[in-house]
Structure formats: structure tokens, C-alpha cells
Amino acid sequence: MRAVDIIRKKRDAGELSPEEIQYLIRGATNDSVPDYQLAAWLMAVLWRGTTRLELATLTEAMLHSGEVLDLSDIPGAKVDKHSTGGVGDKTSLVIAPVAAAGGLHVPMISGRGLGHSGGTLDKLESIPGFNVNLSLADFRRVLKQCGCALIGQTPEIAPADKKLYSLRDVTATVESPYLICASIMSKKLAEGIDALVLDVKTGDGAFMKREQDAIHLAELMVETGQRMGKKSVALITDMDQPLGRKVGNALEVEECLDVLAGGGPEDLRELCLDLSAWMFVLGGRCKLVAEGRKLAAEIIANGSARDKFREIIRLQGGDAGVVDDPSRLPRARNKAVAVAMKEGYIAAIRCEQVGVASMLLGGGREKKEDTIDPAVGIVLEKKVGDRVQAGSVLCTIHFNSDARKGEALAMLSNSFVIGDAAPRARPLVRKIIGGAGSA
Ligand code: URA
């Protein structure tokens, strides 16, 4: 078999055989196929797409390029949630303890933020001492002990994805829904889960800006998961404005602690209840989403989700005292505000720009190698639909360095679009894919 023949076949819209796909993925894993040929094949896939069989073979080959966790010695349902990412998207820190306190096991392997979007690992690392770099053996131990463990990608999990993703990043081939599906699902299925809830974001701050693209990706991922024997459901959710009011790592942890304490902003709380409810449904704890929501709300109200979060933090080496005293989280030295130039209603918030502004303050990475400042970020004082007067504070920035403060503030002022009338409210959950019978 020769890589050049496989590339030509895909270039000419042919369907690759399972052996051809396995050959390329083996080559990506052991470096026997050079990067230039892998890159050419990725570009051919971007243009030509894949059949459902090709996608299943690709996902399976990437999944088996490394270790696939066997968690069968841990009793009960293993259920995870994955989000395609956005701005202020912090639900994992709420729903992981809620689901674990409700009797599920949550083996969560997460990513870091890049560009305008944040990452769960960076948020967790803003908790002093929290270790996201557990070995797989420790990951299993913590999971067994408290029902949840939250770590980063390890070299053993889907190494083919690591290679292919780094090539996609520099060859303008990230956007293919087929490659995104195989990338996400190969890593998630390697966690040894029984079921997966997908939160596929759509809107200005999302990877998939157009709803139809988000739906297409969600359908591919749900079908791929189900084909591999895992219960899967996807919620298409709004990312046309940041989720909640806080953007930035420690600030987002603080907001999650508010939700775990029974408060927090309504949109964040609602989405956390929905996602937890679907985890309970797929994990067999209840039949209907309404029952799952009730269970999640009870677990928050009776304090067991907070207890669980303390336990997770302690077992992963962090300062569990932050749960009761968020002032132990890193705090920025300075604050400044962006104000409205005229009166009216917030008609839209350019969500991606808010994420970029947080990155400029040091809360995110421009390049993978950049270090981040966990304390900085943005607190939105106004959200879409709110009434403002000229001079009303739109948002407050928390910053440590003046270097790009001006740029960030200008970007934020420009992110709030002020109109004459409040826009029509749009649902937070736009559509559910794959949840027939339980919604
Ligand atoms: N996240 C991933 O893990 N992979 C992709 O391809 C895109 C987003």
C-alpha cells in the first residue's frame, strides 16, 4: 500500500477502504507516513468529506492508536460530557460533581483553552494546588474513590489525534466536521465510558458559527458514538453571548461555586441542570430529563454537589477551602470598566471578541506555548436584552498588566451592540439530537 495512492483516491472523491484508513493512522502514530502526505490527505478529506463507514473506521483507528481505558471493574455507569467550547463555557466544573454526587462515575479528560475559547484544565488549575496531570493509574484511583476525576490528555490516549491535530492546526484543515468528529470521539471513547452527553455550541463565540453546521457535527458525533455502542446525545446550545457573567479562569471557578451553592446566573444554572439531567438519563438514573433536572437541583440544594467538589479537589491535590472561601482563588490587582456610549438595549454581544479580550488580558493563549494568568478576566454587567443608559457599566475587566489593557477595553466596548429595542429572546438549548423518548 502507498500513501500517495490513498491521497489520490480521496482527492478524486473515492471511498477509502478500512485497510487504507488504518494504514494512514498507523503511519501517523509510528511516523512511517511523512507529515506532508498526512497533510495532503487531511486537505483531501476537508474537501471531499467521508462516508459514514469511513468516519467510523477513522474514529476507531484513532481510538485504538493508543490506550483505551477499561473501567469495567468500576461498578455503575461511566458517563462524560464534552463541549465543543466557547466563551465563559464552564459547565464541567458544576456538572462533574453533580453527576458524581448523583451516583454516576465521571471520567473526564479535558483540554486547554486556545484563542478565544477557554479550557476546563486552565480553570481547574486556577484552584491552588489542583493537579490535572495525574497518571492513568491515579486517574483510575481517584475515579474509583470519589466517582469523578478530571485530568488532561495523556500521551497514551489517541496519539494519532495528537499528530493529526497539530498538522490540521497549521494546514487550515481544522474545520472539517468529519475530522473534528473523529478527533473528539476517539479521545472521548478512549476514556472507557458507557455514555456521552455532547454540548455542541453554536453562534458567534463557537467553533461552529452557523446552527446548521453545529447540527451536522452533532449528528455525526451522536451517530459515531451510538455505532460504537455508547449511548450518546447532543444538545445544540447558544454561544451568541458568553455563558454566565464571568470570563477568565479563577473568575469562572468562582461563578461555578455560586451555582453549586444554589445561586449563580440563570443561563449557566439552567444549562448545568439540563446537561446533568441528560447524564442521569443516559446513565440510567432516571427515564426522563425532567426527573434528571429535579435530581440535579436536589443534589445542589442539599449540598452534596459542593461536598463532592471539595472531595475531588482534595483528592487531586488542590485547596478544597476555595469551595467555602472563593477569596482563596487568585485575584487580579486592578479593575477597569467599559461603559455604554448611548442609551438603548443590548442587542447583541460579539462573543468571540469578548473571548479575545480575555486572552489579551492574559486569560487565554494566543499560541499553545503561552502561559496564562489565572486571575484575570471579564465580568459582564450587562447581557443581551438589558436596558442601558449612556455611561452604564457594560463590563469590568480584572487585570494585572497594563500592556494590552487599552486594546482589551476598546474591543469590549465594541463588543456590546446597543440598539433601540430588546431583541427577541432565543432559547439556550436550540435542539436535541439523539435523545428520542426522554426529552
Ligand atoms: N477539539 C478537538 O479535540 N478536536 C477537534 O478537531 C476540534 C476541537
Query raised in the report: Can you name every residue in segment 77-99 that is touching a helix residue (DSSP H, G or I) at 6+ places or on another chain (Cβ under 8 Å), open to solvent by 10 Å² or more (accessible area, probe 1.4 Å) and away from the ligand (no atom under 16 Å from the Cβ)?
Result: 77
Query raised in the report: Is it true that some residue in segment 251-260 is acidic (Asp, Glu), within 26 Å of residue 187 (Cα to Cα) and open to solvent by less than 20 Å² (accessible area, probe 1.4 Å)?
Result: yes
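Farther than 23 Å from residue 232 by Cα and either touching a helix residue (DSSP H, G or I) at 6+ places or on another chain (Cβ under 9 Å) or within 12 Å of the ligand (Cβ to nearest atom) (or both) - does that describe any residue in segment 185-201?
Taking segment 185-201 first, the residues farther than 23 Å from residue 232 by Cα are none.
No, every residue in segment 185-201 fails to be farther than 23 Å from residue 232 by Cα and either touching a helix residue (DSSP H, G or I) at 6+ places or on another chain (Cβ under 9 Å) or within 12 Å of the ligand (Cβ to nearest atom) (or both).
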Query raised in the report: Somewhere in segment 132-155, is a residue within 13 Å of the ligand (Cβ to nearest atom), surrounded by fewer than 24 Cβ atoms within 10 Å (Cβ to Cβ), in contact (Cβ under 8 Å) with a residue 12 or more places away in the chain and closer than 17 Å to residue 80 by Cβ?
Result: yes
**Report entry** Only one of 264, 317 that is buried (at least 19 other Cβ atoms within 10 Å of the Cβ) and within 24 Å of the chain's Cα centre (by Cα)
**Finding:** 264
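Residues in segment 178-188: is at least one touching a strand residue (DSSP E or B) at 6+ places or on another chain (Cβ under 7 Å), open to solvent by less than 40 Å² (accessible area, probe 1.4 Å) and at pLDDT 90 or above? Working first, answer last.
Just the residues of segment 178-188 that are touching a strand residue (DSSP E or B) at 6+ places or on another chain (Cβ under 7 Å), to begin with: 184, 187-188.
From what is left, the residues that are open to solvent by less than 40 Å² (accessible area, probe 1.4 Å) are 184, 188.
Next, from what is left, pick out any that are at pLDDT 90 or above: 184, 188.
Within segment 178-188, one or more residues are touching a strand residue (DSSP E or B) at 6+ places or on another chain (Cβ under 7 Å), open to solvent by less than 40 Å² (accessible area, probe 1.4 Å) and at pLDDT 90 or above.
For the structure I just gave you, tell me whether residue 204 is in contact (Cβ under 8 Å) with a residue 24 or more places away in the chain and over 15 Å from residue 79 (Cα atoms). Break it down into steps so the answer makes sense when it comes.
On the way: in contact (Cβ under 8 Å) with a residue 24 or more places away in the chain: yes; over 15 Å from residue 79 (Cα atoms): yes.
Against the criterion (in contact (Cβ under 8 Å) with a residue 24 or more places away in the chain and over 15 Å from residue 79 (Cα atoms)), residue 204 qualifies.
Please state which one of 213, 199 is crowded, with 20+ Cβ neighbours inside 10 Å, at pLDDT 95 or above and either within 24 Å of residue 90 (Cβ to Cβ) or of a type in the set (Val, Ile, Thr) (or both). So that I can check it myself, show each step before the final result.
Values: 213 fails: crowded, with 20+ Cβ neighbours inside 10 Å.
So the residue among 213, 199 that is crowded, with 20+ Cβ neighbours inside 10 Å, at pLDDT 95 or above and either within 24 Å of residue 90 (Cβ to Cβ) or of a type in the set (Val, Ile, Thr) (or both) is 199.
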Query - Extreme residue, surrounded by the most Cβ atoms within 10 Å (Cβ to Cβ), among residues of segment 119-131 that are away from the ligand (no atom under 13 Å from the Cβ) and part of a loop (DSSP other than H, G, I, E, B) - result: 127
Query raised in the report: In this structure, does residue 175 turn out to be away from the ligand (no atom under 16 Å from the Cβ), farther than 17 Å from residue 108 by Cβ, in contact (Cβ under 8 Å) with a residue 12 or more places away in the chain and out of contact with any Gly (no Cβ under 6 Å at 6 or more places or on another chain)?
Result: no
Report summary line: Note on segment 64-112: residues assigned to a loop (DSSP other than H, G, I, E, B), among the small types (Gly, Ala, Ser) and closer than 19 Å to residue 157 by Cα are 65, 66, 72, 111
Requested in this report: Mind listing just one residue for me: the one in segment 222-250 that is over 30 Å from residue 328 (Cβ atoms) and charged (D, E, K, R) and, of those, least open to solvent (accessible area, probe 1.4 Å)?
Outcome: 238
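Go through segment 14-29 and give me each residue that's in a helix (DSSP H, G or I) and surrounded by 13 or more Cβ atoms within 10 Å (Cβ to Cβ). It would help to see each step written out before you state the result.
Step one: of segment 14-29, the residues in a helix (DSSP H, G or I) are 18-29.
Correct list: 18, 20, 21, 22, 23, 24, 25, 26, 27, 28, 29.
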Query raised in the report: Looking only at residues in segment 156-177 that are among the small types (Gly, Ala, Ser) and open to solvent by less than 10 Å² (accessible area, probe 1.4 Å), which one is nearest to residue 219 (Cα to Cα)?
Result: 176
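Return a yes/no flag: does segment 30-47 have any residue that is assigned to a strand (DSSP E or B) and in contact (Cβ under 8 Å) with a residue 12 or more places away in the chain. Talk me through it step by step, then tell me what you get.
Of all residues in segment 30-47, those assigned to a strand (DSSP E or B) come to none.
Scanning segment 30-47 turns up no residue that is assigned to a strand (DSSP E or B) and in contact (Cβ under 8 Å) with a residue 12 or more places away in the chain.
Pull up segment 100-118, narrow it to residues that are under 26 Å from residue 262 (Cβ atoms), among the hydrophobic types (A, V, I, L, M, F, W, C) and open to solvent by less than 20 Å² (accessible area, probe 1.4 Å), then point me to the one that is modelled with the lowest pLDDT. Full working, then the answer.
Applying the first criterion (under 26 Å from residue 262 (Cβ atoms)) to segment 100-118 yields 100-106, 108, 110, 118.
Those left that are additionally among the hydrophobic types (A, V, I, L, M, F, W, C): 100-101, 104, 106, 108.
Checking the rest, the ones that are also open to solvent by less than 20 Å² (accessible area, probe 1.4 Å) come to 100, 104, 106, 108.
Values: 100: 98, 104: 98, 106: 97, 108: 94.
Going through the qualifying residues, I end up with 108.
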Query raised in the report: Name the residues in segment 392-434 that are of a type in the set (A, V, I, L, M, F, W, C) and either open to solvent by 60 Å² or more (accessible area, probe 1.4 Å) or free of Cβ contacts under 8 Å to residues at least 24 places away in the same chain (or both), would you?
Result: 403, 410, 421, 425, 432
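The values are calculated or read from the model by the stated rules, or taken from the named source; none is laboratory data. Everything quoted here is computed from the prediction, not taken from an experiment. Backbone-built Cβ (ideal geometry, glycine too); neighbour counts: all protein chains shown. In case anyone asks, the SASA skips ligands and DNA or RNA and just uses the protein heavy atoms, side chains included. Shrake-Rupley method; radii C 1.70, N 1.55, O 1.52, S 1.80 Å.
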